[in-house]
Structure formats: C-alpha cells, structure tokens
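Inspection log for the structure reproduced underneath, given as structure tokens.
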Amino acid sequence: MKYLSYFLKQFTEIFYNLKFRLSIIAILSTGIMISYTLAQDVPEPSPEVCFHLTARPWEPLDISRDRYLDAIEGICRVAVRHQDENGAIIDPYLHREHRYSTPYYAFAVGALLEAGRATDLRNSGVRAMEHATRSFAGGSQGIPDAHGEFFIAPLTGGSDEQHFIGVNGQVKLSADSEQIRSTYGWLQPVRYETPDSALLIFVYPRGGDDPAASKVKASFRHTAHGFESVLGDVRDRLYVGRTAAGGFGNEIDLDGDGEQDLQFDTPCNFIVQLEDGTMKAVEADRTVTMTYQQQQIALRPYTPWSPE
C-alpha cells in the first residue's frame, strides 16, 4: 500500500496547485473511488491509521533477505552480459529482446542498489529503465511481443499494478500530449474527458490474484447508496469486499443475506478480516460491545479479536 499512499499524496499536491480539491468518496479493500471539483481550500491532512488488521491473513516465508538478494544478484550479473547499447536485455537464444526481461532487470538492479549491493550495475540499470520506459511510451507496437501489461509492475516499483478506471457514463481517453521527462524516464500523459460535471476515477491497485481491471470496469455499477463491483460493495459509510469489510456504523451484513452479522452497541470505525464471507477477526477504534452469533464480546480500542 505504500505506493498507493505515495500516489494519493502526490495526486493531492498536484490538484491543489491547480486549484482543485480531491474528495474521497469511498475506500474498498482493493480500490478507491475519487472525484474532483473546483475549489480553493487547502486539502486536509491524511488521517492517522491505528488499526492492526491486514486485508487478509498472511505468514512470512522462512527465507532470509540475503538469500533473495544473492539469487537476484546472480541473475543480474548474467543478464548484464546480454545488454545491448540501447539498454535492452537480449535473449541469447532468440537474439532479440524478449517480452519483459528489460524492465524486470531494471527493477532487480534497483532492488540491489537499495540494499547497498551491486553498485557497479547502476548505469546498466538506468539504461534498462530508460529503454523500458521508451518502449512503454510507444504502446503495443513499441513493446516486445506486445507484453505491455507486464511492464507496469516493474516500472512502477512493485509487484502490484496501479489502474485508473474512468467510471462515468461517457469517458474519453486522450494520449495526444507530448511525452514528459521524469525520474522514471519518458512518460506519456493520458487525459480523461467527460461531459459530466465531475470526473469519477476508480483507483485500483491490483495484485497478482485480483480480478483484471477490465472485469472491474465491466462490473462497476452505481447504486442508490454507493457503488459495487466484483471487488465488493460500498453502501453509505460501509463496505464489504472479498477479504475485508468495515467502515463506520453500528452493524454490517457480511454475506449479503439481509441479516446483520455484526452489531455494535455504539457506532464506531471498524475493520473485519474475511475468508469466504466469514469473519476471521475484527478490530474497532473504541470500546464497544459487539454482538456476534448471539454472543456479547467486549472490544478494546485497536485490539483485534478473533472467534478462534
């Protein structure tokens, strides 16, 4: 999520400088809906987050950081032998650049440099990044084997993808502006246009196991109380996703059967960890009594509780 937080910070600063105000409409476990309208006021600072629950349960692998870095460095030192003068990594058997080897090489070198290793590969990594961003800016015709969807993750600095989905009734994308030189190389600006009074963009940070952005857009639907998609359902100040739910309120239906699965004696901000529609853990921001399966459970502020 650090890339999403960085994006929101930069996005807020840019639009404030243009006399815009960002209005956060709703937050899903895997997406954010935003709109902008003309305004003059200063953006409010981001709220402090004190919750401990993650979007889904996880356990770290018992593999040391150095073992990962050793493997990465070995691969990079072989790959650099096959880099051409333009920065591309050339497949030694195909004798051409193959798919997405160049951007992933650039990302791997960046990971090594951040760890204080392989400083002699810095210039090689920069050339690879420059070549990959030029290829990406050229669209499908400029990307080896038309594998542009695999360029996004390494070029944006992580294993996740960042999608910006226009969900207005009518949205036009324009990419006719001149390219911009940035610290990531050459970037192609994309402009969203709509005849509506406000532009609605769904920011979707996608992981490898999440639905494709095209499926999210196709399933997106405005409702009387919010919006819904294959990712989840937002109703007023509550949301229910595939692996998490929560918001602000005193009750919530987690499985969509019309029955309130959790009830609180006092409205509160809360997060619920889900697995196949069943609660695995819950956390609230204040002292409340929760009713769950006809049991009364006392919750302390920012202290996760699990039925197991």
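What's the exposure ranking of I180, I165, going from fewest to most Cβ atoms within 10 Å?
Numbers: I180 12, I165 19.
Going from least to most buried by this count: I180, I165.
Relative contact order, percent, of segment 65-155 when contacts are C-alpha pairs under 8 Å separated by at least 6 residues? Mind showing how you got there, number by number?
Details: 109 pairs, mean separation 26.3, N = 91.
Relative CO of segment 65-155 lands at 29 percent.
If you add up the charges near L121, with Lys and Arg at +1 and Asp and Glu at -1, over every other residue whose beta carbon is less than 14 angstrom from its beta carbon, what do you get? List each step's numbers first, then the result.
Numbers: positive: R77, R81, R117, R122, R127; negative: E73, E114, D120.
Around L121, the charge tally is +2.
Peptides 103-113, 193-203, 276-286: what's the order by average Cβ count within 10 Å, highest mean first? Provide the component values of the computation, followed by the final result.
Values: 103-113: 22.0, 193-203: 14.9, 276-286: 17.2.
Descending mean neighbour count gives 103-113, 276-286, 193-203.
All of the numbers you see were taken from the coordinates with simple rules; none came from a lab. The structure presented is a predicted model; accordingly, all values stated were derived computationally and were not measured. Here Cβ is always computed from backbone atoms with ideal geometry, including for glycine, and neighbour counts include all displayed protein chains.
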